[in-house]
Amino acid sequence: MNMFHLGWFNGAGFGASGWNSPARGHGYQLWQPEIWQDFARSLERGSFDFLLMEDSSVVPDIYGGSPEYYLNRAMMAPKLDPVPLVPYMAMATKHLGLVPTLTTGFYHPWLLARLMTTLDHLTQGRIGWNIVTATTKLAWANYGMEQPLHDKRYDLADEFVEVAKQLWDSFPASAAVLDRETDIAFTAENVKPINFEGEHFSSRGPLNAPAGPQGSPVLFQAGGSPRGRQFAAKNAEAIVAASGSIEEAQEYHHDVKTWAKDYGRDPSSVKVMFLTQVVLADTTEEAVAKDKAMTARMASDIDGKLVGLSTITGIDFSKVDLDAPLPDLQTNGSQSALAEFTRAALPGDSFRDILNRKGLHGGLKFVGTAEDIAVQMAETMDAIGGDGILFGSGGLPEPRYVSGIVDQIVPALQRRGVVREGYPHSTFREHLLEF
């Protein structure tokens, strides 16, 4: 069996979701870094490649035209910027890759390029950038802008990444001399303007920050729509994939690897990380019962499902007739999320039928003991040809849940020789490209 990577996607960012969970642990204060530092240490104990932090710039009011549901449940808001949290987690770890989310529509490429270079230095080569294009028009309005159409957002992002890459190259690490005998700190020979003039951005350059240990951050993206897949295959080094079955995962994996080759890239340098759900227990029977109970609870939370679908698509589903057939739906929000939901419809289904069957929790599901799950994951990765497993949580990390994965599932995977034990290299990119 081939080796694969392990990552963690915190789907609620630096937020408050899960603030009242009894499983969260004691002694932590909301908005303070300790829980995140402990979380990062746990992931490093499990030799995870990285922790990816979601982010958004909005207090949603899509569902029912009000922020009440969201704020009452700390869902999507409030939320702090994850970027200042990165150095705190870096100080608590030595090897774990740290990947904050930053939006191409809300930064200038020069500002983002300098910020990422700074973090690459501070983390000693462990920084990544999760590239997003902002699916909600409310977020764009917060920056005084009108949301571009779906594919146009990716055109903007393509140009943004190109400018950023040129800026990262504009002040190479080789310019650092720091020679006391000649009294020369940096040479100017290769530090040059880029003079970029594009449709969306322009920048003279050069960056005034010398390249960090990696030269540039490891680039992440989660492209699900056809245009999103092309963007990810062209630019990303790691791709977040939400596939609900092995067949869907195989199709996605093949598609983005083909696009990567068409763009002149080595497909093996593009790592596809598949989102997962795990239901862990001491016996297989207990895990199956636990999964059934969790599924039943989720099925009964109709409002929660409608809110989640409303938020990501920008469509107010509080107005939908649940017992009517699925209407024809169009969105300028997340087209892949809407398409995934509508694909679950069977002939004669009502909207309620699809909600009950599909839910909103994408990803491959693994149920059983740690040994069961390790076998399932290894066999699934072999069947897909995939590059990694992406565990996740939709709120503040719960220590017991994290420990179950790090201290039970990961050792079972390590015993099979399919995931790493320790960190043989010095930078995040080197670990990601190791296999």
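The values are calculated or read from the model by the stated rules, or taken from the named source; none is laboratory data. Since the model is a prediction, treat every value here as computed from it, not as a measurement. We place every Cβ from the backbone using ideal geometry, glycine too, and count neighbours over all the protein chains shown.
Residues in segment 32-46: is at least one assigned to a loop (DSSP other than H, G, I, E, B) and either among the aliphatic types (A, V, I, L, M) or on the phi > 0 side of the Ramachandran plot (or both)?
Among the residues of segment 32-46, not one is assigned to a loop (DSSP other than H, G, I, E, B) and either among the aliphatic types (A, V, I, L, M) or on the phi > 0 side of the Ramachandran plot (or both), which makes the answer no.
The rows are residues; the columns are (1) assigned to a loop (DSSP other than H, G, I, E, B); (2) surrounded by 17 or more Cβ atoms within 10 Å (Cβ to Cβ).
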site	(1), (2)
Phe160	no, yes
Ser174	no, no
Ala185	no, no
Glu189	yes, no
Lys192	yes, no
Pro213	yes, yes
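So which residues in segment 385-426 are part of a loop (DSSP other than H, G, I, E, B), farther than 22 Å from Gly15 by Cβ and touching a Ser or Thr at 6+ places or on another chain (Cβ under 9 Å), if there are any at all? Steps first, please.
As a first pass, look at segment 385-426 and keep what is part of a loop (DSSP other than H, G, I, E, B): 385-387, 394-398, 416-426.
Of the ones still in play, those that are also farther than 22 Å from Gly15 by Cβ are 385-387, 416-426.
Result: Gly386, Asp387, Val419, Arg420, Glu421, Gly422, Tyr423.
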Response to the item:
With the first residue restricted to segment 116-141 and required to be at positive phi, and the second required to be part of a helix (DSSP H, G or I) and surrounded by fewer than 21 Cβ atoms within 10 Å (Cβ to Cβ), Cβ contacts under 9 Å at 6 or more apart or on different chains are Gln124/Ala90; Gly125/Glu430; Ala134/Trp140
Worksheet item: Applying the selection to segment 141-174, what residues are of a type in the set (D, E, K, R) and closer than 25 Å to Glu189 by Cα?
Response: Glu162, Lys165, Asp169
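Just to check your reading of the model, which residue among Gly205, Gly212 is in contact (Cβ under 8 Å) with a residue 60 or more places away in the chain, under 31 Å from the mean Cα position of the chain (by Cα) and at positive phi? Walk me through how you get there before you give the answer.
Numbers: Gly212 fails: at positive phi.
After applying the criteria, what remains is Gly205.
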Fill in: Residues that are of a type in the set (D, E, K, R) and either in contact with a strand residue (DSSP E or B) (Cβ under 7 Å, 6 or more places away or on another chain) or under 21 Å from Ser245 (Cα atoms) (or both), drawn from segment 372-427
Asp372, Glu379, Asp382, Asp387
Fill in: Matching helices (runs of 4 or more DSSP H) fully within segment 278-378 where at least 1 residues are of a type in the set (Gly, Ala, Ser), closer than 27 Å to Gly404 by Cβ and at pLDDT 90 or above
284-300
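What residue, of Ala299, Ala293, Ala324, Ala370, is surrounded by 16 or more Cβ atoms within 10 Å (Cβ to Cβ) and either among the hydroxyl-bearing types (Ser, Thr, Tyr) or on the phi < 0 side of the Ramachandran plot (or both)?
Ala370
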Worksheet, complete the sentence: The condition from (1) more than 28 Å from the chain's Cα centre (by Cα); (2) buried (at least 21 other Cβ atoms within 10 Å of the Cβ) that Phe220 misses is numbered (1)
Practice prompt. Considering each of Asp262, Asp266, Asp282 in turn, give the residue that is in contact (Cβ under 8 Å) with a residue 40 or more places away in the chain and more than 22 Å from Phe9 (Cα to Cα).
Written response: Asp282
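Got a number for residues in segment 285-303 being among the acidic types (Asp, Glu) and either in contact (Cβ under 8 Å) with a residue 24 or more places away in the chain or touching a Gly at 6+ places or on another chain (Cβ under 6 Å) (or both)?
The first filter runs over segment 285-303 and keeps only residues among the acidic types (Asp, Glu), leaving 285-286, 291, 301, 303.
Still in the list and also either in contact (Cβ under 8 Å) with a residue 24 or more places away in the chain or touching a Gly at 6+ places or on another chain (Cβ under 6 Å) (or both): 291, 303.
Total satisfying the criteria: 2.
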Worksheet entry | Subset of segment 327-358 that is charged (D, E, K, R) and farther than 20 Å from Ser245 by Cα - its residue that is surrounded by the fewest Cβ atoms within 10 Å (Cβ to Cβ) | Asp328
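Condition check ((1) among the acidic types (Asp, Glu); (2) crowded, with 20+ Cβ neighbours inside 10 Å; (3) in a helix (DSSP H, G or I)) across all residues:
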residue: Tyr88; (1), (2), (3): no, no, yes
residue: Lys94; (1), (2), (3): no, no, no
residue: Pro100; (1), (2), (3): no, yes, no
residue: Met116; (1), (2), (3): no, yes, yes
residue: Gly128; (1), (2), (3): no, yes, no
residue: Ile131; (1), (2), (3): no, yes, no
residue: Gln147; (1), (2), (3): no, yes, no
